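First up is the structure itself, then whatever we jot down about it.
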Amino acid sequence: MRMSAPGNSAASLRRAARSAGFTLIEVIVVMALIAIGTALVGLALRDGTQSRLNEEGARLSALLESARAEARASGIAVRWTPADAAATDGAHFRFIGLPQDTELPTRWLGEGVSAEIVGARALWLGPEPVLPAQRLVLHLEDRRLVLASDGLAPFAPADEAGAP
């Protein structure tokens, strides 16, 4: 006669051995959740200064293209230039030559942004359909963003050598 405690039969021991541990599906689900969490943390830790500079660059590119289209449509010469440090009207940059009824912003979205044009005093925006290649550099704290145009394409972020 066999002596065993109730519930410790061989069948119940085999069931307990099979249910110990995790299934492959459970492990994959946990790994996927960890990967998603890591990705979200990585996105949350983006460089705020670079993001602000990229936003300013995208906005300035759109403004330059608007002025360029206006110059072509009206047949007038339009230039863009950063404002002097001594400017008293609060402007950070200027569109020179636009008609009086065309109002484009003249200030950066945030403080501390500055711009310099590479190799010229102003960007030439038209009215000619083909312009010379031009570059400008936006600065914010210790970050730089180069915007360049080959004369046909719109201004877009480029590397330091000017390639888009």
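Numerical summary
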read-out	value
Residues satisfying the stated conditions in segment 70-91, i.e. without any contact (Cβ under 8 Å) to a residue 40 or more places away in the chain and among the hydrophobic types (A, V, I, L, M, F, W, C)	Ala73, Ala83, Ala85, Ala86, Ala87, Ala91
So Leu109, is it in contact (Cβ under 8 Å) with a residue 24 or more places away in the chain, farther than 14 Å from Arg59 by Cα and in the same structural domain as Ile76 (by TED's automatic domain parsing)	no
Some residue of segment 52-75 being of a type in the set (A, V, I, L, M), in contact with a Pro (Cβ under 7 Å, 6 or more places away or on another chain), surrounded by 13 or more Cβ atoms within 10 Å (Cβ to Cβ) and modelled with pLDDT of 90 or more	yes
Residue satisfying condition, being small (Gly, Ala, Ser) and touching a residue at least 24 places away in the same chain (Cβ under 8 Å), within set Ala156, Ala120, Ala148	Ala156
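The values are calculated or read from the model by the stated rules, or taken from the named source; none is laboratory data. Just so you know, these numbers come straight off a predicted model, no measurement behind them. Cβ coordinates were reconstructed from backbone atoms using ideal geometry, including for glycine residues, and neighbour counts include every protein chain displayed.
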